[in-house]
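Dumping the structure here so I can ask a few things about it.
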Amino acid sequence: MAGYNSSAMILPAKTALSVQHNVSLKALTTFGVEAIASNYLQIQHSDQLKAIRQDSVLAALPRLILGGGSNLLLTRDLDVLVLHMMNRGISLLGEEDGIRLVQAQAGENWHSFVQWTLEQGWGGLENLSLIPGTVGAAPIQNIGAYGSELSQHFHSLHYFDFEDGEIHDLSRKECEFGYRDSVFKQRLRGRAVIRDVTFALPMKWQPQLGYAELAKELSDIPHPTASEISAAVVAIRSRKLPDPAVIGNAGSFFKNPVVTASVYADLHQRYPELVSYIQADGSYKLAAAWLIDQCGWKGKALGAAGVHDKQALVLINRGGATGAEILALAERIRSDVALRFGVSLESEPVVL
Ligand code: EPU
């Protein structure tokens, strides 16, 4: 495929392993809770991962792969090797069959990457604007918002496998994307490090305005451009979700639970106001925010941990919270929702 000049330099191979010790992760995760990592290494190039695997001491340590730290709740100090993905670079790989293949290195900031594609005039990722985190973390939980999911415009990725020390290529199908799920949370958990992700952006762009709140935000603009849709998503998110730079949080703390049609029918009979979305297979996805809200948790706090007052699905650090305090609040919410609705909530962020 034709090469194309990249917007940023891909750093040359760097295999020096300058491990730092007893590093605070407080500023590196969006919850902003204190946790000390015994070993910490910045990764600029995948050759460093190969070198780690060949180092008997480093290879024996449990690993934590860190991107933007926006989907992580740390509840204790960690005797691990943190691999902080900092490889950068974006390039157009080529154009074929009505799509444009754009590759970004894992350490790129997600929102900056989305904005860069929009500045080139390439639509596709606009509904996913302002999601915190990095490009490399995005496929792991198949980030999704406002009627779109990463999987829709995903082409392939490369990952380093700590089992065999090789770089592998995975297609969309092989990534086994689901709702906030992928092969990286299942079979490849703990062994894969995503190096770069390639997106398939449509040459004939079409707006995705299926999410009612987004369509409403844009109701004054008859034919919104991708950049206008991005601006609308940014406006909605800024109103509802706390800015992690100001209030520590990790976005939605729980996934929206999926229940069978019969569980749904029973719940709907008891709670006609229940907010739900029917799925292709006949099951129902319930709005966890609604369940939590009904239990009276919205805007409430337990010590320094709280529930955001504009979105009940978002737990916040009200200042000086520990990870354990946030986890205790999550457990109280989970227990209340289970008692009242008989529905079990699953955490979205990784809790360590
Ligand atoms: N609702 C309440 N109380 C609230 C908030 C919402 O009752 O405090 C009800 C409303 O009826 C609302 C419905 O819940 O219509 C859904 O709320 P919202 O549109 O805010 O979406 P969500 O289902 O709570 C999901 C994603 C978000 C994503 C939005 C928009 C999950 C776990 N979360 O939230 O993703 O931004 O949809 O698409 O699927 C994230 O993953 O970190 C994240 C923020």
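The values are calculated or read from the model by the stated rules, or taken from the named source; none is laboratory data. Predicted model, so just to flag it, every value in this text is computed and none were measured. Note: ideal-geometry Cβ built from the backbone for every residue, glycine included; neighbour counts use all protein chains shown. Surface areas here come from the heavy atoms of the whole protein model, side chains and all, with no ligands, DNA or RNA. Shrake-Rupley method; radii C 1.70, N 1.55, O 1.52, S 1.80 Å.
Would you check if residue 245 is outside any helix (DSSP H, G or I) and surrounded by 20 or more Cβ atoms within 10 Å (Cβ to Cβ)?
When the stated conditions are applied, residue 245 does not pass them.
Same structure, new question: Going through the range 68-83 one residue at a time, which ones are open to solvent by 10 Å² or more (accessible area, probe 1.4 Å) and closer than 24 Å to residue 181 by Cβ?
68, 70, 71, 72, 75, 80
Go through (1) crowded, with 17+ Cβ neighbours inside 10 Å; (2) modelled with pLDDT under 95 for residue 40 and report which single condition fails.
Result: residue 40 fails condition (2) only.
Just give me the residues in the range 107-137 being in a loop (DSSP other than H, G, I, E, B) and within 11 Å of the ligand (Cβ to nearest atom), in sequence order. Full working, then the answer.
If we filter the range 107-137 for residues that are in a loop (DSSP other than H, G, I, E, B), which is where we start, we get 107-108, 120-125, 129-133, 135-137.
The answer is 129, 130, 131, 132, 133.
Which condition number in (1) of a type in the set (D, E, K, R); (2) under 30 Å from residue 62 (Cβ atoms); (3) touching a residue at least 12 places away in the same chain (Cβ under 8 Å) is the one that residue 187 fails?
Exception for residue 187: condition (3).
Within the range 138-167, restricting attention to residues that are small (Gly, Ala, Ser) and away from the ligand (no atom under 12 Å from the Cβ), which residue is surrounded by the fewest Cβ atoms within 10 Å (Cβ to Cβ)?
Of everything passing the filter in the range 138-167, 165 is surrounded by the fewest Cβ atoms within 10 Å (Cβ to Cβ).
For the list (1) closer than 22 Å to residue 245 by Cα; (2) under 23 Å from the mean Cα position of the chain (by Cα); (3) within 14 Å of the ligand (Cβ to nearest atom); (4) open to solvent by 20 Å² or more (accessible area, probe 1.4 Å), I need the number of the one condition that residue 324 fails.
So the condition that residue 324 fails would be (3).
For the list (1) crowded, with 16+ Cβ neighbours inside 10 Å; (2) within 14 Å of the ligand (Cβ to nearest atom); (3) of a type in the set (Asp, Glu), I need the number of the one condition that residue 309 fails.
Failing condition for residue 309: (1).
Going through the range 333-352 one residue at a time, which ones are free of Cβ contacts under 8 Å to residues at least 40 places away in the same chain and either within 14 Å of residue 263 (Cβ to Cβ) or within 13 Å of the ligand (Cβ to nearest atom) (or both)?
Pass one, the range 333-352, residues free of Cβ contacts under 8 Å to residues at least 40 places away in the same chain: 335, 338-339.
Listed by number, the list holds a single entry, 338.
Quick one: residue 174 ticks every box in (1) out of contact with any strand residue (DSSP E or B) (no Cβ under 8 Å at 6 or more places or on another chain); (2) assigned to a loop (DSSP other than H, G, I, E, B) except a single one, so which number is it?
Answer for residue 174: the failing condition is (2).
Condition check: surrounded by 15 or more Cβ atoms within 10 Å (Cβ to Cβ) and free of Cβ contacts under 8 Å to residues at least 40 places away in the same chain. Does residue 276 satisfy that? Let's see the steps before the verdict.
Values: surrounded by 15 or more Cβ atoms within 10 Å (Cβ to Cβ): yes; free of Cβ contacts under 8 Å to residues at least 40 places away in the same chain: yes.
Criteria met by residue 276.
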